[in-house]
Structure formats: C-alpha cells, structure tokens
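In what follows, a single structure is set out as structure tokens and then discussed.
The values are calculated or read from the model by the stated rules, or taken from the named source; none is laboratory data. Since this is a predicted model, take the numbers as computed values, not measurements. Backbone-built Cβ (ideal geometry, glycine too); neighbour counts: all protein chains shown.
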Amino acid sequence: MSDVAVTATDRPGEATRRAHETYWAIVRHQFAKNRAAVAGLWLVCLFFLAAIFAPFLANSKPFFLCDHGRWSFPLFADLTSSDLVIFAAAGCVLLWWVAGRVVPRGWFGGHPWFGMFFLFAGLFVILSVAIELTVGERNDRTDYRSLAGRPGVRAVFPPIRYSPVETDLAIRRTPPLRLPGHYLGTDDLGRDVASRLLWATRVSLAVGFIAEGLAVVIGVALGAIAGYFGRRADFIIMRFVEVMICFPAFFLILTVLAFFGRHLWLIMLVIGLTGWTDNARFIRAEFLRLRNQEYGMAARALGLGWVRIVFRHLLPNGIAPVLVNASFGVAAAILIEGGLSFLGFGVAPPRATWGTMLNEGRENILDLPWLIILPGLAIFLAVSAYNLVGEGLRDALDPKLREA
Amino acid sequence: MNEWRLRDTILVVFMVLVVGIMLLQMVQNDRLYDRVNKAIRLMESGRENGAASMPVPASTTQAAGEWLVPNADPGGTCIVCYTAQPATLNPLTYKDAYADYILNGPSGAGCVYESLLRRDPQSLELVGQLAESWQVSDDHLAFTFKLRPEVRWSDGRPLTADDVVFTYRLMKVPALDCQRTQVYYLDMDKVEALDPRTVRFHWTKKYFKAVEQSGGLPIIPKHLLDPDDLLEKDPDALARKVNSWVFEWNGAPPVGSGPFCLESWDRTANRVTLRRNDRYWGPKAMLERLVFRFITQDVAALQTLKQGGIDLMALSPEQWEKQTGDEAFNRSFLKRKYYRATAGYSYIGWNNRRAPFDDRRVRQAMSYLVPRELINEKIFYGLQKLQNGPFYMEGPQADPKLGQWPYDPAKARALLKEAGFADTKGNGILERNGKPFEFSLRLPAGAASSQKIAEVLQDELAKVGVRMKIEPYEWSVYIEKLDQRDFDACMLAWTAAIDDDPRQIWYSRSYLDRGSNHIGYENPEVDRLILAADEDFDPTTRNEKFRRIHDLIYEDQPYTFLFTGPSLLAQSRRLRNVNTSRIGLDFREWWIPRALQGS
Amino acid sequence: MRNYLLRRLLLMIPTLLGITVITFVIMRVAPGEPAAIARTSMEGGGPVMQAGGQTDELIRAKKALLGLDKPIPVQYLIWVRRVMTLDFGESFFYHQPVWMVIAEHIWPTLQINILTIVLVYLTAIPLGVGQAVRRGKLFDRATTVATFALYASPTYWIGPMLLIFLCNPQYCNWFPSNGLNRQFAEELAFFPWLGDRLYHLVLPVLCQSYGALAYLSKQSRSGLLENLRADYVRTARAKGVSQWSAVFRHALRNSVIPIITIMAMILPSLIGGSIIIEMIFSIQGMGWLGFNAILQRDYPMIMATATIAAFLTLIGLLLQDLLYAWLDPRISYE
C-alpha cells in the first residue's frame, strides 16, 4: 500500500521511514487538492478555535478594567480550571505539531510524531494536574457592563458581552437584532443566544472527539487482537461485535442515561461504547490481510515481538480507513448528542449544548423560531465540516482516484 | 443461461400489484364487517338491556328521565383534550389523573362511576351522591349510609348495598394492584350491608376524614364483575382478573351508575368515547357523546383546537398570553381562568436533616432569594398565585393574617452571615468551616417550568455566592431519591384536598418508611397539633389547629412555597353552561345548541 | 453452504442470549422501580403528586405482584423460559400481553417505514445513476451538494422547521401537524381514509427518508462509477454497445449488489421506529413505545423490544451475507 521510494544514497534503515512519510505526504497532497475538503478542514479549525477561545469571545467580564487609574483583569482572573486545561491541551497539541516538523529525524526512532505523542501527552497530564490543584473556583458576579458605563471607567469587552448562563427575565424571548448587544436574540429565560451557541461548541466538540476517540481506541484494540491473533480470539471478539451491532444503539444509550443520570462523561462514554464496531471490523480486515503479506511474514520470520509488528508495521498501514471513519464518527457523535438533548436526555442545565437549545425551542416552536433555526444550523455546519473532511480523506487515501 | 429480461420484471411487478389489490380488498371488506358487527352488537346489547331492565321505582324530587338543564337542547358531541392517554380505565387500579377525570369527573361529581359522597361545588361541603343520608356513630367509628332508592346501573339493574360492600372489600384485597388507595383504608376493618339500601363502615381509629373516605370510592357493579361470589371463595383470583381489566370486561365496556357510559377506547387514535346514560337515575346529562382526545404536544393541541378538532383544552401560560386572543380566535373560542381548591401548590423542598438546610436561618435565606413575583410576572404572565403555606389559601385551614414571604437578598445575606457563612477566601463563594456552600437541586426531568424556576434561582444564588447544581432525574429515579431521602433540595408539587390532612406531609413519623415527609420536617408542636386535629370532629376547632400549624410552618420554612396555579381553559363558544367552580368542571351540565350540534 | 447456514444459525443463539443478558442486567442494576411509580399528572407544566404513603410493605406487595421479588438470575431464567414459547409476558404499564401492545403500535411504524423504503429506493437509485452517468457536470455537482446538505441535517432540526413553516396557519398551512388521521376518520370509506392517512404521513416519511436518500444515492453513484470505469465496460463500449445499454445492462447490475445487500438490513429497521420523528409528529409507533417503556420501567416491554430488534438484526445480517454469496459468484462460503 505504501509507495516505496528508495534512493540509492539512503541508508537501509532510513528507507522505510522515508517511504512512510512519502505516503502520508501523498495523502496530504491529494487532500489539499480537494477544495471542499480543505474548506471543511478550515471550518473544523474555526469550530475548534471557537471552542478553545470561548471565554475570550463571549463573556460578561471585560479583558481589563481601568477604574480611575486602577487596573484589574476580571476575565483572566475568572478563568476556570477547565478553561485553562483546554488551553493547555491546545498548547500541547500545537507544540507537538511544531516539534514534529522541526525536530530532526533521528531523535525518536523514525516516527517523530508518534514518539513525541507520549512526551506531550505526559506534559499535558502534568499541566492539567497542576492546574486543577492550584486554580480554585471563583464566583465573580459584579455587573461589569454597567460599571463600564460610568465616567472615568474604561473597559474592553469581548465581542459578545454576555455569559451563557446569566438570566435576565426582563428581556426574555427577544428575536435577533432587536436589542443592542444581543445579536442573535435571547432565549426563554433571557440568556444571550449567541453566547450560548458559542459555548455549546465546547460541549459538542468534546463529545464528538472523546466519544469517537474512545470508539477508535476500543475498536482498534479489539480489531487488532482479532486480526492479529486470529482463531479463538477472533471468534470471541466477532461474537462480541455482533452483539454490539444487534443492540439498538440509541435505545441502549437512552436506557443508560435514563437510569444512571445525565452526566456529560456518561454521554461520551456510552456513545463511544456503542460506536466502535465499525473501527474494529476495518482494523480486523486490514490486519488479516496484511499479516499474511510478505512483509508481515518477514517481520514474524525475523522474530520481532508482536508489539513492534503491530505498532510499527501493521497499524500505520491499516489505520487509514479508521481515520476516515473516525471523521464521520465525530459527526455522528455530535448528531447523537444533539438527538439525546433534543429528547430531553442531554446534559443538565444551565450548560448550553446545541441539542438542549433545540429542545427548548421545540417547546416554543412558533414563538421562538430562531431557537430552532440557529442551533440546528450550527449542528448542520459542524457535521458538514466533519463529513467534508472525512470524504476528503477517503478520496485522498483511495489510490484509484489519484492522478499519476 | 436464464437471463433476467425486462418482461420478467414486468411480470413480477404485475403479480405484486394483483396481490396488493387483493389484500386491499380484503382489508376493506374487513372494515365493513367490523362496522356491521359493531352495529349488531350495539343493537343486541340494547335489546338485552331493555329486556332485563327492572321497573323503575317511584321517582323522587328530581325525576329520573328529566334533563339536568331545563330548556336546553339535548344531544351533540363534545370533544375534550387531555395531555396524556391513561394506561388503564379501571376505576380501582388507575394511576394517573386523567383516568380519574374520565371515570369520576374532574370535580369528583361522577361521570362513569359515582361514589357515595361528593363535594358541593359552591359550599365545598360533603353532600350525598349515591347516598341519600348518612349517620355517624357517637364514637365516630361507625358510619351508616342509606342509598337513594332510585339509584341504578346503566343496564337498568338497581344499585344496592351489595355493590358498595363488594367494591370496598375488593379494594382491600392485597393482590389488587391499588396500593395507593389501600393505604387510606388501613384503619377500616369492616364493611357490611345491613339491608339492600344500607351500608355500614367500621373503622378502628377515630379520624376526621373517615366519613369522606368511606364515601369516596367509585362504586363498581357486583352483578357484572362477580356474579358468582368469587370474592368470598378466592379473592386473589378475582383480584388478578380485575388487575388485567383495562377497559372491556368480558368483551364489552362495563356499566357504571354515572350520567355517562363508556362506549369505546381507540388506543391508536388516542380517543375515549363516552355516551350519555339514558337510564341514569337522576336528571340526565345533555350531551349525547363526550369524546376525550389525548394530544401530548400542546402546540399540536392548540392547532387542533383552532382547526375545530376539539372543543376544550387546557392552555399553558404562553398559549394563554401569546397564542390566543386574536380576533379570529375570540370569534369562536372563549378563555376561562379559574382557581381550584384542589389545585395544590409547587414548592422547593430543603432536606431538613442535612446540613446546611437543617438550620432554619439558611432555609429562610433561601426563601428570601427566590424572586417569586418576578418569576410569576415574567414566566407565568402573572397567572399564578403565590403560596405561603401548605393549605388552600382561601380556605378555612389557612391563616389569612400571614403575608407572602418577600424577595429580599439583603436579608438573605444577613441571615447567611448569621448562620456562619462568609466569603473567607475572597473568591466570591460563601464558606462555613472551610466548606463552600454548594448543593444540588434535584427535580424531575421534563418539568419545564420547574426547570426554568430552578435556573433563575441558580443565577440568584450565584449573585450571593452560593453554588447550586441542577440535577434533573427521570421520574421513577426521582421518586426513589425522594423515598430514600437522598437529596439536598428537591422540587415538586402536591395536589390538595378540600379538607386537607397535613399528617401525610408534615408529621414527623411520616419521614419513616417512604412516607411523604421527604424533607424530614420535625416540629413537636406541629406533631401535637396534627395528632389532636386527627380526632377533632368540630371543624371550627380543627381549623384553628390547622391555622396554628400554618403559622409554625411559615416560620420554619421547611419548603420554599412557590405557586398555586390556575386552570386555564380554551373553550369553543358552541359549548354552553360550562361552569367553573373551586372543585373543577362537571361534564353533565354542558349542552350545545341544536343548530351547532352538527359538527 | 448448508454447513455455513447451520453454523450461522447456531451462532445466533449465544449472541441473542448475550444481548438479553446485557439488557436484563442494565435494567435491574439501574435505580428506579416500576413498583414505586406514584400517581401523578402533568398539569401546570410539571408533575403533581398526591401525598400519602407508600409503605415498604405495599412496595413489597407490588413487587410480588410483578414478579420482581425473586433473585435476579432466577427472574432472567423465568423470562427465558417464557420467551421460548414466545410469551413475552404482560406489560407493567398497559396490563395487557406485550405482544398485543406491540401489535397495536406496530402499524404506524410499519406504514412509515415501508413508505420510506419505497420512496428512498425509487428516488435514490435513479438519482445515483443519473449522477454517475453525468459525472462532473452541473447536475452531478448540484445534486451532490444537495444530498450532502441533506445528509448533514439532523432530523430533529428539519422536522420542527417543517412544522414551523408548513403546518402553521401563519405561513403555509399545507399539512397536518400531528397524528395519523383526522378526527373520526374511521367513519370514512376505505379510499378516502387511505388518502387521509397518506396525507398525514407525508411529513414524517419525508423527514425519515431524506437521510437514507442521501446515503443511498451516494452509494449507488460510487458503485456505478467504479463499474463504469471497469475493463469490461470499456470492452463493451469498444464492441459498439450503446451507452445506455452499457450502463443498464452491464454496469448497473454489478453495482446493485451492495444496494441489495443493504436491503437485507431493512428487516430490523422496519420494526424500529424513530423516536425523534414520532415525538415531533405525535405518532405512537414502536419508537414511542420503546421510549416510554424505558421511562416507565416497563421491564417486559423493554426486554421484548430489545430481543425482537436484536433477533431481526441477526436475521438481517445473515440474509445480507447469503444475498452477497448468491449474487456475487466471486464469493462463496465453504
């Protein structure tokens, strides 16, 4: 599957590494030529930025406040530990990517990104533990907006000056563009819709990624075991896969959520636990095929341990269809979470997710149409973005679609 | 060798079409047969009942056969909309309020079935329905009811004391699936028929509501359900048979003694149909047919109303305020608002046995922080009434001198400070002894207005420095949490009764063993008053005790009492004589002018 | 082949048992008892309860009535034994045999699903073929974008939007907003009744089908494209076969294989109603039934729905593999 591009001047050990990179470089090149897929990728990045920087985009506290010469930074002071952990995660991912390009090849045994993954994952874990331990809870309910209106006070606010949870019954149910500052109107309790949509991006993306990540990990692990060890392990795992397929998944998720409470982590867990079967089947098929190919046999003949074989040789080649499916899986997870919230099984209030906003809109369909149109549009855009990326990946990985 | 040609496709499609048309034809024949069968059955039952009907005894003041509303046009069909289809229309085992409304009428005045006693809609006093008179023994332990001589079932048979005895004895069989009712009759140990028109109930404990309960069950026909006296020989077998009685008994809808009879229940069309009982022992109802439709989405229900598909429905505050009231609507419909004494109230319950809500000052502070006026004005458009205690505010049990608990964040802060809470870390969150003031409010999922109130409260509490988490639970899990007393704060609503007994909720022993005192309220003075009131048969002194209980509870604020709601109705103008009273509506009074009966 | 069939059928048993065990365990482990469902109504926007005790003794009596007082493994075995005779028990909520309740609720779901399937197949395949044949042209591009947009739109967004704009006297009041028939419809003769029923089903069927339509048209398009590029088609064209004939006689038949195998999975989906659509349009079909069963802890109903769905899925999977083997001579199971 990989194009082997060996040049005479390369050292023998380098050949496989260079070949592997060339393969992914080809994939990247193909992907970049697909304008729709690139647009999808940009949209995904936009959603990510919105999710990461939500506190800076919609907040009732200003970045800084200068009250007759006294400076304060309410927004920064009030960042919660989860905000900071998200920044840490984003930072670590960024550093990882940069290091992967910058660090010379030889340092990490041939797969710089893969190797450094553990380094930066560890860094992230240490940072988040440190953050959780040091950053305490804060509850700052000063009305900065009216404070900023007084003479002698200067403040710079984020573009949306409302937090997603502050209610204001006096202005409930206002349509978009009616009140200054509330660009997309207010909901049934007077909360700003734009702010809620923005902060809901966090939940939806988190659910999408973590649920799908879990599904990928479980699916790849089980599929690898089934495909590599074959025979009995394969049999047992395939029965297990069958059980999971036959289970009406939505039904199972609803049952678990109804019975055990509606926690965010539970939603992610259950969506992940019901979505891994496709990944397992892909990896199993790939492994069954690859392990009997020449280089698989060669590796075994050389007496390499299974860990090395699986992680160094089989997995990088077999991972492609899983990546494609993962992108669609994220979209599916977002849709499922929306559906659950729509039925009333989503995260507890007042946390905003697109699905819970749709649920609220459903009860007031004729009065608050913007509460149906806007969150649905957000879900539609997010799902489209991931679908575009997924299709782009699929086309990029399909050798028959490449022009030579 | 055998290639699939186009003609093969055509042949297959043709065969499929033929088979399809044959099936459709069979279905159509089936429906015709069905209709014919139904007609035959109706005719037969009519003939049979006609043959079996007994001669009607001499009439009393309001003659049987007369109409309830003189000079009104009889006939017509009225369609009422309720939010949920009941699971069963069994008068003993039903679990939801809509079955109650259909079988016993929304005001308990009898619809399909009747009870011995009912409440008068104006005076709210107990008056006889099936019973002509009743006597209370001196020791208040035996009640003797005399049935009206003219009462009879819709198939013409007379209603006798045997039916009453049968009903109560069957209800007490443990295998019958009506535990919630049985609980009220634990102290009633004997029911006997002294003669065909007289029933006596024996109770082992004196209780001021014993008369009402003795007269409260809907009476069911013994001659239909138990002609062979199975209750004596094998009560469990009969109970099991009754448990699976959902609508039809032995293939036909059962008879009742009320002004309407059950005619049909079409589950897939979500419709129950009643028709007038032409053999009713009293003045007959005016409507020919009464249909109940069950539409869960209120958006859909309002649209159906506007399209003429239903005649009466309950409106939500939004619908009352925003979606009805334009000219087109007012031309055909009328809006009615009334407050029932049985409406009950909603509340936030604080777990009195768990810190920090075991401290009265904290509870009072919480009550100061709920902006009830604002919530009522903005979310409920001013339609609800504020509640300040456990009794019907306009009844004799409530103390009229008490005002409403105000919204006063300053007082709340002072009380919390007094209780030992302060923002020691300067992070905006109140603490006491190093622990931050955080708690979770549990409420049933799907309760939209409770959730809104909770979210507003969450915001208010955050301004003061208290963190509240909202935890919606699905209904059966929620009930379990309440029963296990596993909550910091809960939100719910109670229904009320005319002569309410606070023992269920406020007596300290009701905290044990799944009683309704979830919050663990315990006030020795209240306990003493409750026990004294239980055996106080003089309404004046009894109500005095209740008023004192009201005062004490007001001071203790074990709940933050929220609202008591109105009944908001939208009614088609073609319905006449829809009277609203403090106990609800009465279907038998309604009539439709002949000219409008056609729809 | 017969061995394969036998083996697959035998393998269905442990799978079914596994599913039933998992469902059973989840239900029993969960908090909340059917015995404790109190008398309530949903007035005033929230549940209103009647005060008055449940006592522990009454709960125990109720549990004994429902057969819930025995230990959990024993309950499971009792259930399995009854299911062998196709007796799914009596619903706690409806007090009727489970199969009767299911029979009442299955018709709306069947009607919607059958109409959806017919609509989807009749539109998706020609659409996919049309796209493949006109690859790269405006038709292909426009419809690809349209189907892509449809695929990404959640039903719980499109459904309420349809209600807002098409069932609303303020905009266009073209369709009824809820239910399956208008008032007193069974007094109509058959064909008017049928027309009324179809009229009510337009929106739900539309909502349910657009997603499948998008997916299936994409499948048929890519399947046909693959085959159009294949050698044998080029050979046929080189031999002088017309474009139309090449597409329909040769390429289409081969690309229809994956589509037909998808049909095998229709069997389980026929009975599974979509909860979301049924909630939006107030239809009481199987989805609504299963959903309510979960909320009411109606254990016999939950077990019955899960078991039937699982059984049909297994049959569907088996059918799918068999169809593959029959249609594609390259595949054989020996």
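Evaluation of B:Tyr559 against the conditions (1) farther than 23 Å from C:Val48 by Cβ; (2) surrounded by 18 or more Cβ atoms within 10 Å (Cβ to Cβ) shows that the sole unmet condition is (1). Please identify the pairs in which a residue from segment C:295-312 that is at positive phi has its Cβ atom under 7 Å from the Cβ atom of a residue that is part of a loop (DSSP other than H, G, I, E, B), counting only partners at least 6 apart or on another chain. Cβ pairs passing all conditions: C:Arg297/C:Gly32; C:Arg297/C:Glu33.
Here is a yes/no grid of residues against (1) among the polar types (S, T, N, Q); (2) more than 7 Å from every other protein chain (Cβ to nearest Cβ); (3) within 16 Å of B:Arg442 (Cα to Cα); (4) within 24 Å of the chain's Cα centre (by Cα):
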site	(1), (2), (3), (4)
B:Lys469	no, yes, yes, no
B:Trp475	no, no, yes, yes
B:Asp483	no, no, yes, yes
B:Ala489	no, yes, yes, no
B:Ala496	no, yes, no, yes
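If we scan segment B:114-127, do we find a residue that is within 14 Å of chain C (Cβ to nearest Cβ) and surrounded by 17 or more Cβ atoms within 10 Å (Cβ to Cβ)? There is no residue in segment B:114-127 that is within 14 Å of chain C (Cβ to nearest Cβ) and surrounded by 17 or more Cβ atoms within 10 Å (Cβ to Cβ). Right, B:Asp501: in the same structural domain as B:Pro396 (by TED's automatic domain parsing), among the charged types (D, E, K, R) and either part of a helix (DSSP H, G or I) or more than 26 Å from the chain's Cα centre (by Cα) (or both) or not? So B:Asp501 fails the test. Test C:Glu104 against the criterion of being acidic (Asp, Glu) and either surrounded by 19 or more Cβ atoms within 10 Å (Cβ to Cβ) or closer than 28 Å to B:Arg180 by Cα (or both), and give yes or no. Considered against the rule, which asks whether it is acidic (Asp, Glu) and either surrounded by 19 or more Cβ atoms within 10 Å (Cβ to Cβ) or closer than 28 Å to B:Arg180 by Cα (or both), C:Glu104 comes out as no.
Among residues of segment A:143-172 that are free of Cβ contacts under 8 Å to residues at least 12 places away in the same chain, none has a beta-carbon under 9 Å from a residue that is in a helix (DSSP H, G or I) at least six positions away or on a different chain.
Examine segment B:261-275 for a residue that is outside any loop (DSSP other than H, G, I, E, B) and at the interface with chain C (Cβ under 9 Å from one of its Cβ atoms), and state whether such a residue exists. Yes; the residues of segment B:261-275 include at least one that is outside any loop (DSSP other than H, G, I, E, B) and at the interface with chain C (Cβ under 9 Å from one of its Cβ atoms). Looking across segment B:443-453, the residues that are touching a residue at least 40 places away in the same chain (Cβ under 8 Å) and either in a strand (DSSP E or B) or more than 8 Å from chain C (Cβ to nearest Cβ) (or both) come down to B:Leu443, B:Pro444, B:Lys452, B:Ile453. Taken over segment A:132-145, the residue count meeting the criterion of being more than 15 Å from A:Glu166 (Cα to Cα) and either polar (S, T, N, Q) or within 14 Å of chain B (Cβ to nearest Cβ) (or both) is 5.
Here B:Lys206 passes the criteria (1) touching a helix residue (DSSP H, G or I) at 6+ places or on another chain (Cβ under 8 Å); (2) surrounded by fewer than 19 Cβ atoms within 10 Å (Cβ to Cβ); (3) of a type in the set (D, E, K, R); (4) not in a loop (DSSP other than H, G, I, E, B) except the one numbered (4). Annotation note: of A:Arg191, A:Arg196, the sole residue that is buried (at least 21 other Cβ atoms within 10 Å of the Cβ), within 29 Å of A:Gly390 (Cβ to Cβ) and in contact with an Asp or Glu (Cβ under 9 Å, 6 or more places away or on another chain) is A:Arg196.
On the given criteria, is B:Tyr381 in a loop (DSSP other than H, G, I, E, B), farther than 20 Å from B:Tyr559 by Cα, among the hydroxyl-bearing types (Ser, Thr, Tyr) and within 14 Å of chain A (Cβ to nearest Cβ)? When the stated conditions are applied, B:Tyr381 passes them. Beta carbons closer than 8 Å, at least 6 apart along the sequence or on distinct chains, never pair a first residue in segment A:75-94 that is at positive phi with a second that is surrounded by fewer than 18 Cβ atoms within 10 Å (Cβ to Cβ).
Please work out if B:Leu230 is touching a residue at least 24 places away in the same chain (Cβ under 8 Å) and assigned by TED's automatic domain parsing to the domain that holds B:Leu159. Spelling it out, it is not the case that B:Leu230 is touching a residue at least 24 places away in the same chain (Cβ under 8 Å) and assigned by TED's automatic domain parsing to the domain that holds B:Leu159. When B:Ser510 is tested against the conditions (1) within 30 Å of B:Trp320 (Cα to Cα); (2) part of a helix (DSSP H, G or I); (3) hydroxyl-bearing (Ser, Thr, Tyr), the lone failure is (1). Just checking, which of A:Leu288, A:Leu273 is under 33 Å from the mean Cα position of the chain (by Cα) and either outside any helix (DSSP H, G or I) or modelled with pLDDT under 80 (or both)? Answer to the selection: A:Leu288.
Please go through segment B:83-106 and give me each residue that is polar (S, T, N, Q), surrounded by 23 or more Cβ atoms within 10 Å (Cβ to Cβ) and either out of contact with any Pro (no Cβ under 6 Å at 6 or more places or on another chain) or at the interface with chain C (Cβ under 7 Å from one of its Cβ atoms) (or both), ordered by number. B:Asn90, B:Thr93, listed by residue number.
Only a single item in (1) more than 14 Å from chain C (Cβ to nearest Cβ); (2) assigned to a loop (DSSP other than H, G, I, E, B) is not met by B:Ser516, and it is number (1).
Residues that are touching a residue at least 24 places away in the same chain (Cβ under 8 Å) and closer than 20 Å to C:Ala306 by Cβ were ranked within segment A:254-268; the one that is farthest from the other protein chains (Cβ to nearest Cβ) is A:Leu257.
Results for (1) at negative phi; (2) free of Cβ contacts under 8 Å to residues at least 24 places away in the same chain; (3) within 14 Å of another protein chain (Cβ to nearest Cβ), shown as yes or no for each residue.
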{"position": "B:Gly215", "(1), (2), (3)": "yes, no, no"}
{"position": "B:Ala237", "(1), (2), (3)": "yes, yes, yes"}
{"position": "B:Glu248", "(1), (2), (3)": "yes, yes, yes"}
{"position": "B:Gly251", "(1), (2), (3)": "no, yes, no"}
{"position": "B:Leu287", "(1), (2), (3)": "yes, no, no"}
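When you go through A:Ala99, A:Ala88, A:Ala130, A:Ala77 one by one, which is the residue that is surrounded by fewer than 17 Cβ atoms within 10 Å (Cβ to Cβ) and either acidic (Asp, Glu) or modelled with pLDDT of 85 or more (or both)? Residue meeting the stated conditions: A:Ala130.
From the list B:Arg354, B:Arg363, the one residue that fits, being away from every other protein chain (no Cβ under 13 Å), under 20 Å from B:Phe561 (Cα atoms) and assigned to a helix (DSSP H, G or I), is B:Arg363. Considering each residue of segment A:370-393 in turn, none proves to be over 29 Å from A:Ala37 (Cα atoms), among the β-branched types (Val, Ile, Thr) and within 10 Å of chain C (Cβ to nearest Cβ). The residues of segment B:311-329 that are under 21 Å from the mean Cα position of the chain (by Cα) and either part of a helix (DSSP H, G or I) or within 10 Å of chain C (Cβ to nearest Cβ) (or both), listed by number, are B:Ala314, B:Ser316, B:Pro317. Set side by side, the residues C:Met263, C:Met303 differ, and just one is outside any loop (DSSP other than H, G, I, E, B), within 12 Å of chain A (Cβ to nearest Cβ), over 15 Å from C:Val129 (Cβ atoms) and of a type in the set (A, V, I, L, M, F, W, C), which is C:Met303.
Scanning segment B:112-129 for residues that are in a loop (DSSP other than H, G, I, E, B) and over 10 Å from B:Pro218 (Cα atoms) returns B:Asp120, B:Pro121, B:Gln122, B:Ser123, B:Leu124, B:Glu125, B:Gln129.
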